[in-house]
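A short worksheet on the structure shown next.
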Amino acid sequence: MRSRTANRSGVVIRRRVTPAGDILLSLLTPQGKLKAVARGGVRGPLASRLNLFHHVHVQVYQGPHNDLASVQQAVLEGALPTLAQPERYAFAHLMAEFADALFQEGEFSEQAFDLFAGALRGVAHQPDPEWVALVMSYKLLALAGFVPQTAHCARCRAPEPAHPDPLGGQLLCRDCAALPAYPPDSLDFLRGVVRRTVRASMDAPLPAAQRPALWRALERFVTVQIGNVQSWRQLVPHAQAAATP
C-alpha cells in the first residue's frame, strides 16, 4: 500500500489564514510545489514556523478523500529576518508570488528550488535588492520556459529590434514602435540576462533611472504569458511608477 505520509523540505511561498484558523500553504520544494493545510495552525506552535519565506521541513499526510495534504509536523530549518525590512519585503513578496504562478504542483525541479532560494537570499542580504529581484525574475522565467523574444521584432519579425513593446513586454523594430528605443545598457540587459550567469549580471547593475522601463516590460510579458501577479502594483514601487501611462 502506498504511504500517505511524506516528508518535504521547502520554502513557504504563499500563506493564508482561514476564518476557521487553518493555515493554507504553498511551499516550493526540490520535488515541486506543494499545497497543504495546517488545521488549527494559527492557534498552535506551527504558526510561527509556517511564516512566509521560512525554510521548513514538514511532514504531511494525504488522506484518501482530501484534496489538500495536512501538515502534521513542521521544523524550522532557516529564516531570513532582514526580509521583514520594507525595502526588501516588497521584492521578496513579488518573488514568492512569481514562483507560485510559474511552477505547478508535481513538477520536479530542484533547479527551480535552488534558484528561488538563492533569489531570496540575495534580496535579504545584497545592498541592492531591487536589482537582485529584477535579474532573478528573468532567470526564473527562463527556467520555466518563458523567454522574451529579443532577436526579432515581436510583430513583424524584423531583426535586432530595440524599442519597447507596451502590450507584450517584448521588443519592437523602429517601424512597428511608438516609443523611443531603449538605452544601450538596458537593451544589452534584455538581450543577455537569460544567457549570462547571475554573477555577471550582479556585477553590472543598471542605474535606477533605467529600471522602471525594465520592470514594466517584465510585468507586461508576465501578464500576457502567465497571468496577473498582484504584487507588481501593490508592492514594487518602481513597477508601479513604470506602469502608469
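The residues in the range 29-86 that are touching an Asp or Glu at 6+ places or on another chain (Cβ under 9 Å) and of a type in the set (A, V, I, L, M, F, W, C) can be counted, and the count is 5.
What number of residues within the range 134-159 are in contact (Cβ under 8 Å) with a residue 60 or more places away in the chain and either assigned to a loop (DSSP other than H, G, I, E, B) or of a type in the set (Lys, Arg) (or both)? Count: 2.
Checking each residue in the range 163-188 for being in a loop (DSSP other than H, G, I, E, B), under 26 Å from the mean Cα position of the chain (by Cα) and small (Gly, Ala, Ser) picks out 168, 169. Listed by first and then second residue, the pairs linking a residue in the range 39-52 that is closer than 14 Å to residue 16 by Cβ to a residue that is part of a loop (DSSP other than H, G, I, E, B), with Cβ atoms under 6 Å apart and 6 or more places separating them unless they lie on different chains, are 39/22; 41/47; 42/21.
Is it the case that residue 165 is surrounded by fewer than 18 Cβ atoms within 10 Å (Cβ to Cβ) and either assigned by TED's automatic domain parsing to the domain that holds residue 103 or touching a helix residue (DSSP H, G or I) at 6+ places or on another chain (Cβ under 8 Å) (or both)? Show your work before the answer.
Working: surrounded by fewer than 18 Cβ atoms within 10 Å (Cβ to Cβ): no; either assigned by TED's automatic domain parsing to the domain that holds residue 103 or touching a helix residue (DSSP H, G or I) at 6+ places or on another chain (Cβ under 8 Å) (or both): yes.
When the stated conditions are applied, residue 165 does not pass them.
Select, from 214, 171, 179, 190, the only residue that is crowded, with 20+ Cβ neighbours inside 10 Å and without any contact (Cβ under 8 Å) to a residue 24 or more places away in the chain. Within the list 214, 171, 179, 190, the selection yields 171. Residues in the range 100-113: is at least one acidic (Asp, Glu) and in contact with a Gly (Cβ under 9 Å, 6 or more places away or on another chain)? Yes, some residue in the range 100-113 is acidic (Asp, Glu) and in contact with a Gly (Cβ under 9 Å, 6 or more places away or on another chain).
The values are calculated or read from the model by the stated rules, or taken from the named source; none is laboratory data. Since this is a predicted model, take the numbers as computed values, not measurements. Neighbour counts are summed over all protein chains in view; Cβ atoms, including those assigned to glycine, are modelled from backbone coordinates with ideal geometry.
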